[in-house]
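A short worksheet on the structure shown next.
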Amino acid sequence: MTARVIDGVKLSATIREDVAQRAAKLATSGIQPGLAVILVGSDPASQVYVRNKVAACEKAGFHSVLEQYGAELTQEALLARVRALNEDPSIHGILVQLPLPAHIDSHLVIETIAAQKDVDGFHISNAGLLMTGKPLFIPCTPYGVMKMLESEQVQLRGAVAVVIGASNIVGKPMAMLLQSAGATVTICNSKTKDLSWHTRHADILVVATGKPKMIDASMVKPGAIVIDVGINRGADGKLCGDVDFESVKQVAGAITPVPGGVGPMTIAMLLVNTIEAAERTQQR
Ligand code: NDP
């Protein structure tokens, strides 16, 4: 039997429809959700991501602002833009696309975004709130993965979950969310010894390394739920994940494809975070 394929395009469309309805309701109180996206430099993948984010905002009825700067933009100029957006009442969410050019301190930029407009959930206050079980904004990619697991009605309480990758934007918040939901979580990184020993024990395996097709069928427990966060472009120009989809599909219980899996969910959850930010201003 081959694995169920978890359709991120379909699930994200449902979430986006719900967000559009919430935006329409908010509009009756004279509030249009606003997202500002800042892109510095000309990284081709980042350009595609920000275009997709802005297009999704417009479809949901949001006001969106895309600010694009050359790689020579100074750190001070970028910080000044972020501070101005912090003060702009028409903007509820601010997203600075990473990675930034090497001369800019990404941490400083993220800390300069007002925590209540940090719809990526990367600000240290938001990381701390997530860690202590009181999240204000959940980082979009792990949030999207949790929605996928929920839609599949995956039993998280007592499950063994293994997250490969420990970045601040994916691996660490992913592990925190799974553990808050009652799973027993192991986080692996590039120094992990005998990685496949860990992966073969996982009921839920989340892979976020950026290493194309590094997980094959021999590393997966039969029936496991396999979530592939990776986005890699092969020499043939095609996208692939960190999981060898064709082989793992033969043993897993459910699996996400690349493209069409976690990627569209990330954008949908950005919209969810932005509408929530806008709704909070109404409550205030
Ligand atoms: P980072 O490069 O920041 O982190 C990669 C992590 O993977 C690190 O913790 C690293 O370990 C670990 N790692 C690398 N190689 C191995 C290995 N061979 N075995 C075990 N662990 C390993 O990446 P991100 O978290 O930003 O992104 C990961 C992937 O997810 C990328 O492909 C990225 O494009 C994709 N991505 C997809 C998104 C989506 O919407 N679908 C959104 C964000 C990212 P160590 O800590 O030891 O260095």
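The values are calculated or read from the model by the stated rules, or taken from the named source; none is laboratory data. These figures come from a predicted structure and were not determined experimentally. In this analysis, Cβ positions are derived from the backbone assuming ideal geometry, glycine residues included, and neighbour counts consider all displayed protein chains. What goes into the accessible areas is simple: the full protein's heavy atoms, side chains included, and nothing from ligands, DNA or RNA. Shrake-Rupley method; radii C 1.70, N 1.55, O 1.52, S 1.80 Å.
Search the stretch 151-172 for residues that are over 23 Å from Trp197 (Cβ atoms) and pair each with any residue that is polar (S, T, N, Q) when their beta-carbon atoms are under 9 Å apart and the residues are at least 6 apart or on different chains.
Ser151/Thr14; Ile169/Thr141
Within the stretch 84-101, is even one residue open to solvent by 50 Å² or more (accessible area, probe 1.4 Å), part of a helix (DSSP H, G or I) and in contact (Cβ under 8 Å) with a residue 24 or more places away in the chain?
The answer is no; no qualifying residue exists.
If you go through the stretch 210-237 one residue at a time, how many are surrounded by 23 or more Cβ atoms within 10 Å (Cβ to Cβ) and closer than 19 Å to Gly144 by Cα? Steps first, answer last, please.
As a first pass, look at the stretch 210-237 and keep what is surrounded by 23 or more Cβ atoms within 10 Å (Cβ to Cβ): 215, 219-220, 224-230.
Then drop every residue that is not closer than 19 Å to Gly144 by Cα, which leaves 224-230.
Total satisfying the criteria: 7.
Looking at the stretch 238-277, which of its residues are without any contact (Cβ under 8 Å) to a residue 40 or more places away in the chain, surrounded by fewer than 24 Cβ atoms within 10 Å (Cβ to Cβ) and within 11 Å of the ligand (Cβ to nearest atom)? Walk me through how you get there before you give the answer.
The initial filter retains those residues of the stretch 238-277 that are without any contact (Cβ under 8 Å) to a residue 40 or more places away in the chain, namely 238-241, 243-247, 258-259.
Narrowing the set further to residues that are surrounded by fewer than 24 Cβ atoms within 10 Å (Cβ to Cβ) leaves 238-240, 244-247, 258-259.
Result: Leu239, Cys240, Val258, Pro259.
Yes or no: Arg200 within 22 Å of the chain's Cα centre (by Cα) and either open to solvent by 50 Å² or more (accessible area, probe 1.4 Å) or closer than 27 Å to Met1 by Cα (or both)? So that I can check it myself, show each step before the final result.
Details: within 22 Å of the chain's Cα centre (by Cα): no; either open to solvent by 50 Å² or more (accessible area, probe 1.4 Å) or closer than 27 Å to Met1 by Cα (or both): yes.
Here the answer is no, as Arg200 does not meet what is asked.
What are the residues in the stretch 1-14 that are hydrophobic (A, V, I, L, M, F, W, C), surrounded by fewer than 19 Cβ atoms within 10 Å (Cβ to Cβ) and either modelled with pLDDT under 95 or assigned to a helix (DSSP H, G or I) (or both), if any? Full working, then the answer.
Here is the first cut: in the stretch 1-14, the ones hydrophobic (A, V, I, L, M, F, W, C) are 1, 3, 5-6, 9, 11, 13.
Now restrict to residues that are surrounded by fewer than 19 Cβ atoms within 10 Å (Cβ to Cβ): 1, 5, 9, 13.
The answer is Met1, Val9, Ala13.
For the stretch 165-185, how many residues meet the condition of being buried (at least 17 other Cβ atoms within 10 Å of the Cβ) and either over 15 Å from the mean Cα position of the chain (by Cα) or more than 12 Å from the ligand (Cβ to nearest atom) (or both)?
Restricting attention to the stretch 165-185, the residues satisfying the condition of being buried (at least 17 other Cβ atoms within 10 Å of the Cβ) are 165-166, 169-178, 181, 183, 185.
Narrowing further to those that are either over 15 Å from the mean Cα position of the chain (by Cα) or more than 12 Å from the ligand (Cβ to nearest atom) (or both): 176-178, 181, 183, 185.
Residues that pass the stated criteria total 6.
Scan the stretch 129-149 and report the pairs whose first residue is within 16 Å of the ligand (Cβ to nearest atom) and whose second residue is at pLDDT below 95, with Cβ atoms within less than 7 Å and a gap of 6+ or a chain change.
Final answer for the pair search is none.
Out of everything in the stretch 220-237 that is within 11 Å of the ligand (Cβ to nearest atom) and at pLDDT 95 or above, what residue ends up being farthest from Arg4 (Cα to Cα)?
If we filter the stretch 220-237 for residues that are within 11 Å of the ligand (Cβ to nearest atom), which is where we start, we get 227-233.
From what's left, at pLDDT 95 or above: 227-232.
On the way: Ile227: 12, Asp228: 14, Val229: 17, Gly230: 19, Ile231: 20, Asn232: 22 Å.
The residue in question is Asn232.
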